[in-house]
Amino acid sequence: MNKFLIITSVIHTKDKNRYFGYGPYINEMNVWLKYVDQLYILAPLENRNINPIDLAYKCDVINFKRVASFSFTTLKSRILSLFKLPIIFWQIFVAMRQADHIHLRCPGNIGLIGCIVQIFFPYKNKTAKYAGNWDPKSNQPWTYKLQKRILNNSFLTRNMQVLVYGEWENQSKNIKSFFTATYLESEKKR
């Protein structure tokens, strides 16, 4: 795989030309990156200390494009987000156009934009990891439900495999269920 693009809301930090993020997510991505020549990442980047849970990507060629974080939780954040959104849409569109494989991390604000923009690239190879509750009866924000509707629609998400936790009713053909590892009570350690 040549140019592998990750679009995520995970906050990253940079230290000595290495990019760090939330460890369990980075561990999972590093498994994929064994098969990648060039990694492109679109994500928030903050100047902060590296936390003990943070890990670095393992890839020789990393191209990081910072995207602004945004939210709609307060009046001020809504107004600021209206100015940020066109820029973020454009950044994601340009990155998707250049990528050989698009990987979305959902749910999240950046993932939602990625879900919408990927519709314009029906012939690109795509994957998505929905790391939230896929249960259609669960109580979730409307933006999470919108992401699930787009990802579950095989007309809108052509050429995409979507990984979700568990098996649920009315899953489209592009939804791939998986289960995470669990431990017996006797195997747990303090």
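The values are calculated or read from the model by the stated rules, or taken from the named source; none is laboratory data. Nothing here was measured: the structure is a model prediction, and the numbers come from that model. Heads up, the Cβs are rebuilt from the backbone with ideal geometry, glycines too, and the neighbour counts pull from every protein chain shown. Remember, those area values only see protein heavy atoms, side chains included, never the ligands or the DNA or RNA. Shrake-Rupley method; radii C 1.70, N 1.55, O 1.52, S 1.80 Å.
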State yes or no: is residue 85 over 26 Å from residue 150 (Cα atoms), surrounded by fewer than 20 Cβ atoms within 10 Å (Cβ to Cβ) and among the hydrophobic types (A, V, I, L, M, F, W, C)?
-> no
Pick out, from the stretch 9-116, the strands (runs of 3 or more DSSP E) lying fully within it that include 3 or more residues that are not acidic (Asp, Glu).
-> 18-22, 38-43, 62-66, 101-106
Identify, from the list 104, 5, the residue that is in contact with a Gly (Cβ under 6 Å, 6 or more places away or on another chain), of a type outside the set (Ser, Thr, Tyr) and buried (at least 17 other Cβ atoms within 10 Å of the Cβ).
-> 104
Of the residues that sit in the stretch 65-76 and are within 18 Å of residue 107 (Cβ to Cβ) and exposed (fewer than 14 other Cβ atoms within 10 Å of the Cβ), which one is farthest from the chain's Cα centre (by Cα)?
-> 73
Identify all residues within the stretch 38-64 that are in contact with a Lys or Arg (Cβ under 7 Å, 6 or more places away or on another chain) and either loosely packed, with under 14 Cβ neighbours inside 10 Å or over 24 Å from residue 94 (Cβ atoms) (or both); write none if there are none.
-> 56
What number of residues within the stretch 116-146 satisfy the criterion of being within 24 Å of residue 73 (Cα to Cα) and at pLDDT 95 or above?
-> 2
Quick one: residue 176 ticks every box in (1) farther than 17 Å from residue 108 by Cβ; (2) open to solvent by less than 90 Å² (accessible area, probe 1.4 Å); (3) at pLDDT 90 or above except a single one, so which number is it?
-> (3)
Filter pass, residue 6 being touching a residue at least 40 places away in the same chain (Cβ under 8 Å), in a strand (DSSP E or B) and aliphatic (A, V, I, L, M) = yes
Return yes or no: is residue 24 modelled with pLDDT of 95 or more and surrounded by fewer than 14 Cβ atoms within 10 Å (Cβ to Cβ)?
-> no
Collect the residues in the stretch 162-171 that are touching a strand residue (DSSP E or B) at 6+ places or on another chain (Cβ under 6 Å) and either open to solvent by 80 Å² or more (accessible area, probe 1.4 Å) or charged (D, E, K, R) (or both), keeping them in residue-number order.
-> 167
When restricted to 148, 137, the only residue among the charged types (D, E, K, R) and open to solvent by 50 Å² or more (accessible area, probe 1.4 Å) is 137
